Amino acid sequence: MQPQTTVILDNGASSIKAGLARGPEGDDDDQPKGNSRLVPNAIVRSKGDKTTYFGHQLERCRDYSALHYRLPFEKGYLVDWDAQKAVWDGVFSSEVLNVDTAESSLLITEPYFNLPNIQDVYDQFVFEEYEFHSYHRCTPAATIPFGRLFQTGGPSPPECLVVIDSGFSFTHVVPIINNQIQWYAVKRLDVGGKLLTNQLKELVSYRQWNMMDETYIMNHAKETCCYVSTRFFEDLETCRSNPKKNSIVREYVLPNFSINSHGRVRLPNEELSATDQVLHMENERFTIPELLFRPDDIGLEQSGLAATVAASISLLPHDLRGMFWANIGLIGGSTNFPGFYERLSSELLSLTPVEYDLQIYRSEDAMTEAYRSAFAFANDPAFPTHVVTREEYLEVGSNASRRKFPGWQSSSAPGDAEISKITQESMTEDRGQPSRKPSRPRVRTITAPGRRR
């Protein structure tokens with residue numbers, strides 16, 4: 001018998017989005033609001049109050065200066081299982097979800113191109129350490145067709161879509177056909193939120209204050225001050241001509257934890273006290289997020305995000321490419337920068353073949369979009385057919401998961417052989433076809449509706 005409660009863990013490298021789904025009869029709007037929690041996926045040691053915080057306990061910290069992070073994820077993969085277990089123990093405890101794992105099912109996300117040995121450890125922790133009744137493991141993009149990101153124009157998502165997942169470690173471009181990820185066309189850009197924060201720390205430490213140990217503060221400064229420029233060279237010239245007084249510069253007031261004052265952007269005409277320290281954010285505001293579109297600025301020999309999307313779609317069957325260009329969705333915290341959507345739309349429009357329409361979908365909260373889609377998947381009546389039970393695992397081990405969760409290493413997923421053949425034929429046809437240049441359609445913009453608050 002399938003448990004009535006499903007634990008949902010969008011297990012990101014920076015934060016865990018956790019919650020409970022009560023089955024198809026649950027309230028799809030109220031439950032995510034009532035049960036979801038955003039938990040830092042780290043063990044943090046504060047030099048200020050000499051205290052160690054595990055995951056959700058970080059909200060109790062009062063001195064965020066010089067925090068030392070121990071992250072379970074390294075370069076996008078889960079490698080420190082002791083740290084991860086400490087964070088998960090807190091998530092399942094009465095302080096967060098208050099769930100009996102033995103009487104619950106689990107839906108957990110994993111990194112793209114996860115290694116088979118690491119996947120086996122996932123199975124061991126789920127069934128041997130926590131003794132879950134059953135579980136399903138998938139990537140964040142695999143849950144998106146079940147959510148509402150692409151359902152603005154109709155009751156069901158499109159058959160062909162592209163998900164751009166810009167997270168903490170990397171940015172992935174993931175094409176999906178009929179809820180199946182087309183792994184041969186998935187592309188990875190080695191730029192994520194962690195790299196952007198580290199780059200900002202280095203710039204600020206070189207130009208103003210030494211902030212190399214202030215990861216928490218600089219990450220907050222990045223999220224509140226940075227934006228993606230749609231006219232990069234003009235903004236760069238504006239900052240060069242008048243560095244201290246221009247329309248771009250912002251003053252970030254550093255936190256003062258002795259009086260429990262957090263960092264903030266200085267408001268116009270705001271009076272500062274004698275103890276306030278100010279960080280002047282000039283061209284750092286837009287040169288840091290620019291790395292998503294120009295990774296070669298720091299020596300990464302990779303194309304920018306728009307060219308990566310175009311390269312991914314070019315590997316897909318020719319007859320379906322128009323559907324992919326018309327169904328591009330944005331998820332992940334790094335897509336929340338102001339101007340990101342406008343810049344990506346502008347660059348993609350110049351790369352879109354003239355016979356296709358371009359349409360980009362975005363969520364009101366891209367960071368939790370994968371969680372909300374996973375919640376909808378867990379409430380789907382067909383969800384029990386996608387899980388591996390503890391009995392199956394005890395009988396055949398991780399082979400049960402390999403059969404149930406076909407991943408990137410699977411050589412013959414349903415339809416892959418036919419799709420690959422069509423792709424090769426279409427690539428041959430493209431070389432001999434003359435280019436057609438009808439008038440370009442207008443780009444259409446869609447914002448996914450938010451849930452009731």
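The values are calculated or read from the model by the stated rules, or taken from the named source; none is laboratory data. Owing to the predicted nature of the structure, the values given are computational and were not obtained by experimental measurement. Here the Cβ is made from the backbone with ideal geometry for all residues, glycine too, and neighbour counts use every protein chain on show. Accessible surface is based on the protein model in full, side chains and every heavy atom, while ligands, DNA and RNA are left aside. Shrake-Rupley method; radii C 1.70, N 1.55, O 1.52, S 1.80 Å.
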> Can you give the helix-only mean residue ellipticity at 222 nm for the chain, where every DSSP H stretch with n ≥ 4 adds -39500 (n - 2.57) and the sum goes over all residues, rounded to the nearest 500 deg cm²/dmol?
Replying inline: -8500 deg cm²/dmol
> Length gain on complete extension for the stretch PHE232 to GLN180, per 0.36 nm per residue less the alpha carbon to alpha carbon distance?
Replying inline: 15.0 nm
>> Give me a comma-separated list of calculated 3J(HN,Hα) values for the range 279-295, in order, Karplus coefficients 6.51, -1.76, 1.60 applied at θ = phi - 60°, integers in Hz, x for any Gly or Pro.
In response: 10, 8, 9, 9, 6, 4, 4, 10, 6, 5, x, 4, 4, 5, 9, 9, x
>> Can you order the peptides 203-209, 39-45, 250-256 by their average number of other Cβ atoms within 10 Å per residue, highest first?
In response: 39-45, 250-256, 203-209
>> What does DSSP give for the chain in terms of the percent of beta bridges that are antiparallel, rounded to the nearest 5?
In response: 65
> What is the magnitude of the charge dipole of the range 217-365 about its Cα centre, with +1 placed on the Cβ of each Lys and Arg, -1 on the Cβ of each Asp and Glu, and no other charges, expressed in debye to the nearest 20?
Replying inline: 260
> Sorted by average packing, counted as other Cβ atoms within 10 angstrom per residue and highest first, what order do 270-281, 370-381, 98-109, 187-198 take?
Replying inline: 370-381, 187-198, 98-109, 270-281
> Of LEU315, TYR371, GLN409, whose Cα points farthest to the positive end of the dipole of the chain (charges on the beta-carbon: +1 Lys, Arg; -1 Asp, Glu; origin at the Cα centre)?
Replying inline: LEU315
> Of (i) 30.1; (ii) 24.0; (iii) 36.0, which is the value of mean projected area of the Cα convex hull in nm² derived from the coordinates here?
Replying inline: (ii)
> If the cut-off is 15 Å between C-alpha atoms, which aspartates and glutamates fall inside it for LYS187, apart from same-chain ones fewer than 8 positions away?
Replying inline: ASP165, GLU301
>> Which one, SER247, GLY193, MET211, projects farthest toward the positive side of the charge dipole computed for the range 176-305 from Cβ point charges (K/R +1, D/E -1)?
In response: GLY193
> Roughly how many nanometres apart are two label points built 7 Å out from the Cα toward the Cβ at ASP89 and GLU364?
Replying inline: 3.8
>> Per residue, how large is the accessible surface of the chain? Use a 1.4 angstrom probe and give square angstrom.
In response: 47
> Charges only on Cβ, +1 for Lys and Arg, -1 for Asp and Glu: so what's the dipole of the range 41-86 about the Cα centre, in debye to the nearest 20?
Replying inline: 100
>> Less than 19 Å from a label point 7 Å out along the Cα-to-Cβ axis of ASN242: which backbone N atoms in the range 276-294 qualify, by residue?
In response: 280-286
> So, with a 1.4 angstrom probe, what is the percent of accessible area on the range 70-144 that is carbon and sulfur?
Replying inline: 45
>> How big is the dipole moment of the range 238-299 about its Cα centre under a simple scheme where the beta carbon of each Lys and Arg is +1, that of each Asp and Glu is -1, and everything else is neutral? Debye, nearest 20, please.
In response: 140
> Once the dipole of the chain is set up with Lys and Arg at +1 and Asp and Glu at -1 on Cβ about the Cα centre, which of GLY339, LEU267, VAL79 lies farthest towards its positive end?
Replying inline: LEU267
>> Could you tell me the calculated FRET efficiency between GLN4 and GLU395, based on Cβ-Cβ distance and R0 = 25 angstrom, to the nearest 0.05?
In response: 0.55
> So what J values fall out for the range 129-141 if you push phi through Karplus, 6.51 cos²θ - 1.76 cosθ + 1.60 with θ = phi - 60°, rounded to Hz, Gly and Pro as x?
Replying inline: 7, 9, 6, 5, 5, 7, 7, 10, 10, 7, 7, x, 5
> How many nm separate the modelled label positions at ARG207 and ASN98, each set 7 Å beyond the Cα in the direction of the Cβ?
Replying inline: 4.8
>> I want the local charge near ARG60. Using Cβ-Cβ distances under 12 Å, sum +1 for each Lys or Arg and -1 for each Asp or Glu among the other residues.
In response: -3
> So for THR368, THR352, THR385, THR51, what's the accessible-area order with a 1.4 Å probe, most first?
Replying inline: THR385, THR51, THR368, THR352
> Can you give me the relative contact order of the chain as a percent, contacts being Cα pairs under 8 Å and 6 or more apart?
Replying inline: 18
